[in-house]
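Structure provided below as structure tokens; questions to follow.
Rule-based calculations on the coordinates, nothing more; no lab input. All figures in this text were calculated on a predicted structure; none of them were measured in a lab. Glycine gets a Cβ as well: all are built from the backbone with ideal geometry, and neighbour counts include every protein chain shown.
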Amino acid sequence: MPTSTPEALNTLSAGLILISAFAMVATRQVQGVVRFFVIQSLLLAASSFLLGYGRNSVHLWALGAITIAAKVVTIPWVLRRLLPGEFYERREISQAVNIPSSLLLALLLTVAAEFLTGPLAMAARDPVVRVNLPIGLAGVLIGAYSLIARREAIPQLIGILAMENGAFFAGIAIAPELPLIAELAVALDVILIAVVVGLLTRNIRQTIGTTEAGALSELKEDPAAWL
Amino acid sequence: MALIAILAIPLLAALLGWVPPLRRVAWGITVASTSTVFALAAYVSAEVIANKRVIGAPGWFEADGLSALMLVLVSFVVALASVFAGGYMRHGEHQASRLWWFYSNYNLLAFALLAVPSLAESNLVWVAVELITLFSVLLVGFDNTAGALEAAWKFAVLTMMGAPIALFGFFTLFWAYHSATGGSWETWEGLRTAASSMDPNLLKLSFLLVFVGFGAKSGLAPMHTWLPDAHSQAPTPVCAVLSGVKTTVPLYVILRFLSIVLASPVARLGNWMIVLGLISVGIAAFLLLQVRDYKRMFAYSTVEHMGVILIAAGMATQASDFGAVSQMLNHAITKSLCFYVAGVILLILGTREIQSVRGLFRTSPFAGSMLVLCSLAIAGAPPFPIFLSEFSILSAGMRAGQYTVVAILATLIVIAFVAIMLHVNGMVFGKPAAPRLTEALPASCRFAVLVAAAPVVLLGVYIPAPVHNLLQLAAQQLGGR
């Protein structure tokens with residue numbers, strides 16, 4: 001069980017991160033998805049500040065700061081700037097699975113994550129790892145699921161970033177001394193997302209008239225050829 | 001020094017492309033930079049063959065046999081594809097005013113592809129692989145048509161989705177390494193030496209996560225769906241790079257992780273790789289039968305070859321490792337040739353549909369004969385190099401006692417062979433779809449096709465001693481027994 005105050009607060013933040021992952025699955029509008037993503041990123045930053053304070057690690061402080069700069073400030077700003085139409089649109093995101101079933105699946109994924117990492121986390125004997133590892137993996141899995149189930153550009157990108165939040169949440173517990181990769185990875189994300197969103201989504205809308213990724217279905221083998 | 005120069009030259013060339021007066025000569029700059037890089041990579045491999053280790057910056061950039069092989073492959077394909085681009089990109093519907101941007105991006109992609117094998121520090125490899133994704137997405141969508149954008153979007157989403165999963169794997173590996181040794185500086189070599197004291201469960205978990213994450217990037221089934229789209233829609237020189245080496249570079253990282261797992265006395269994962277490899281080969285073989293676009297045909301054949309390499313590495317004997325690295329070499333040279341030929345056909349006929357290409361021999365004897373040559377080579381007919389490496393993988397499997405695997409693999413390879421030859425037969429023979437070509441093909445395209453064909457023909461009958469030595473050094477790094 002958590003012993004110090006930072007660790008106890010980290011556990012609280014872990015719970016809230018999981019809830020925000022569920023909230024992203026349950027939301028019906030683009031704006032809502034982005035909002036919950038921002039909350040999740042803030043919680044991730046809070047956790048890394050807490051652990052950085054508890055363990056005296058400069059890397060974790062840097063990671064927290066970069067997370068706020070990139071995921072809380074820059075990425076939502078880029079999305080709002082480049083795609084105002086999609087961002088503020090008040091209509092339901094088209095998805096392959098309806099929301100109640102999605103939530104049920106997300107719950108199953110959480111249980112699976114707990115089940116998969118349980119033995120490893122127990123062997124680690126570190127209370128923070130025991131909390132962060134299963135929740136981090138659950139974040140990755142739920143993010144991957146929402147990426148597959150949603151068929152629109154912004155929710156798909158946010159899905160990728162939410163997966164990454166999950167990976168980082170586990171990472172700050174299991175690899176806090178890891179230099180370079182974490183900081184570079186977040187910085188790289190901002191560039192990736194800005195470029196991909198900026199160049200592709202705008203062009204896709206100009207050429208095809210929608211950013212509904214489900215409408216992108218020109219390229220595939222003819223199913224009739226199988227018969 | 002040579003290693004640093006290999007990375008610095010493409011970066012410099014990309015920067016030069018942005019200078020307005022130099023934009024007109026962007027192609028010249030790219031060809032000069034990529035061919036210099038190829039010469040340097042050849043020099044690095046010569047050094048590696050002589051002393052087994054080349055150091056650019058200790059702990060950061062180092063090259064052993066496997067890295068040297070990858071450097072040579074990447075730089076060869078990148079150099080020749082840039083020559084091909086000269087004639088190809090001037091024709092067709094590409095916007096001439098944006099060509100400098102294309103070449104600048106192309107150099108950046110070359111940089112990222114070369115960075116992965118030259119890095120000894122394992123965590124930066126993840127960053128380099130992400131850079132590959134970024135620059136290749138931009139190149140795939142370069143044409144701005146509906147199809148190109150759809151392909152680029154699928155490519156971006158599917159391959160970027162692999163990144164966080166692989167990142168989780170890198171974190172787990174660091175966890176295993178740090179708790180076993182207390183160190184926090186990872187190099188491939190250091191990881192392998194420490195592997196025996198690491199927790200085998202953590203090693204397995206990290207391998208599987210990296211396998212899933214980067215497997216998507218190297219086009220392994222069932223995450224292969226981006227690959228045929230990207231390879232059919234991207235400008236042809238980019239296809240050659242994507243199919244020839246962009247797929248093997250993430251696979252190289254997977255193989256590095258596998259060698260760490262193999263260095264541990266307890267963790268075993270060979271069967272996973274064999275099963276997943278067979279799934280890739282199987283899906284590719286059956287999709288090859290019903291494909292209708294010849295660039296997609298070559299793309300599915302890439303999925304097949306990635307599966308074969310995976311199976312060979314999964315068997316983890318010395319002989320099968322040698323087969324795996326030879327397959328990587330042969331795939332790179334043959335598949336890039338295939339895409340140059342496909343590009344030439346696209347220039348002549350302006351269609352990607354197999355149905356609409358008929359009697360190519362009559363229309364253009366050059367393109368027709370080259371198509372026959374490259375498809376025989378890519379499908380694995382003797383005496384071409386892919387036949388040799390696939391045969392050596394199958395015989396290594398027999399010696400390792402994997403009879404079922406060998407039987408299934410051989411059947412699937414034969415199905416893929418028949419599928420490719422059926423399509424090509426229709427394209428080359430019969431009543432010509434277009435009259436005999438009167439104007440000559442761009443000289444740079446002809447040159448690239450002929451130069452690319454030379455090693456494909458040569459390596460099937462004679463493997464020079466340096467190439468053989470390099471392959472052996474590379475195979476040793478895979479850690480099979």
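Going by amide H atoms built from the backbone, whose H comes under 5 Å of the H on A:Glu152, apart from near neighbours?
A:Ala213
Further, regarding this structure: Using DSSP to define loop residues, name the GluC sites (Glu not before Pro) in the range A:54-128 whose beta-carbon has at most 13 other beta-carbon atoms within 10 Å.
Answer in residue order: A:Glu92.
For the range B:1-104, run through the chymotrypsin sites (Phe, Trp or Tyr not before Pro) and keep only the ones in DSSP coil with at most 16 other Cβ atoms within 10 Å of their Cβ.
For chymotrypsin sites (Phe, Trp or Tyr not before Pro) across the range B:1-104 that sit outside H, G, I, E and B with at most 16 neighbouring Cβ atoms in 10 Å, the list reads B:Trp60.
Something else: For an R0 of 35 angstrom, estimate the FRET efficiency from the Cβ-Cβ distance between A:Ala187 and A:Gln29 and round to the nearest 0.05. The partial results should precede the final answer.
Working: r = 29 Å, r/R0 = 0.83.
With a Förster radius of 35 Å, E is 0.75.
OK, next. Take the Cα atoms of the protein assembly as shown, build their convex hull, and give its volume per residue in Å³. All intermediate terms of the calculation are to be shown ahead of the outcome.
Working: hull volume 105.0 nm³, N = 708.
Hull volume normalised by residue count: 148 Å³.
In peptide B:142-155, what is the residue-averaged number of other protein chain Cβ atoms found within 10 Å of each Cβ?
That average works out to 5.
Ok, one more. Taking amide H positions as placed 1.01 Å from N in the peptide plane, with prolines and chain starts having none, which residues 5 or more places from B:Gly56, or on another chain, fall under 5 Å of its amide H?
Residues meeting the amide H criterion: B:Phe61, B:Glu62, B:Ala63.
Normalised by the residues of the range B:202-265, what does the relative contact order come to in percent, with Cα pairs under 8 Å and at least six apart?
46
Which value at 222 nm does chain B reach when only helices count, each DSSP H run of 4 or more adding -39,500 (n - 2.57), with the total divided by all residues and rounded to the nearest 500 deg cm²/dmol?
Value at 222 nm, helices only: -25500 deg cm²/dmol.
Would you mind pulling out the separation of the Cα centroids of the range B:20-36 and the range B:334-373, in Å?
Centre-to-centre distance over Cα atoms comes out at 28 Å.
Can you count the Lys pairs in chain B whose Cα atoms are under 21 Å apart, with each pair 8 or more apart or on different chains?
10
While we're looking at this one, here's another question. Could you work out how far helix B:248-263 tilts from the main Cα principal axis of chain B, as a 0 to 90 degree angle to the nearest 10?
20
Hey, what do the phi angles of the range B:68-85 turn into as Karplus ³J(HN,Hα) couplings, whole Hz, using 6.51/-1.76/1.60 and θ = phi - 60°, x for Gly and Pro?
Using θ = phi - 60°, the values come out as 4, 4, 4, 4, 5, 4, 4, 5, 4, 5, 5, 5, 5, 5, 6, 4, 4, 4 Hz.
Next question. Per-residue HN-Hα couplings for the range B:366-382, Karplus 6.51 cos²θ - 1.76 cosθ + 1.60 at θ = phi - 60°, whole Hz, x for Gly and Pro?
My calculation for the range B:366-382 gives 4, 5, x, 5, 5, 5, 4, 4, 6, 6, 4, 5, 6, 6, x, 7, x Hz in order.
Compute and list, largest first, the equivalent-ellipsoid semi-axes of the range B:122-477 from the alpha carbon gyration tensor, each √(5λ) rounded to a whole angstrom.
They are 36, 22, 17 Å, listed from largest to smallest.
Then there is this: Compute the distance in nm between two label points, each set 7 Å from the Cα along the Cα-to-Cβ direction, one at B:Ala433 and one at B:Ala410.
3.6
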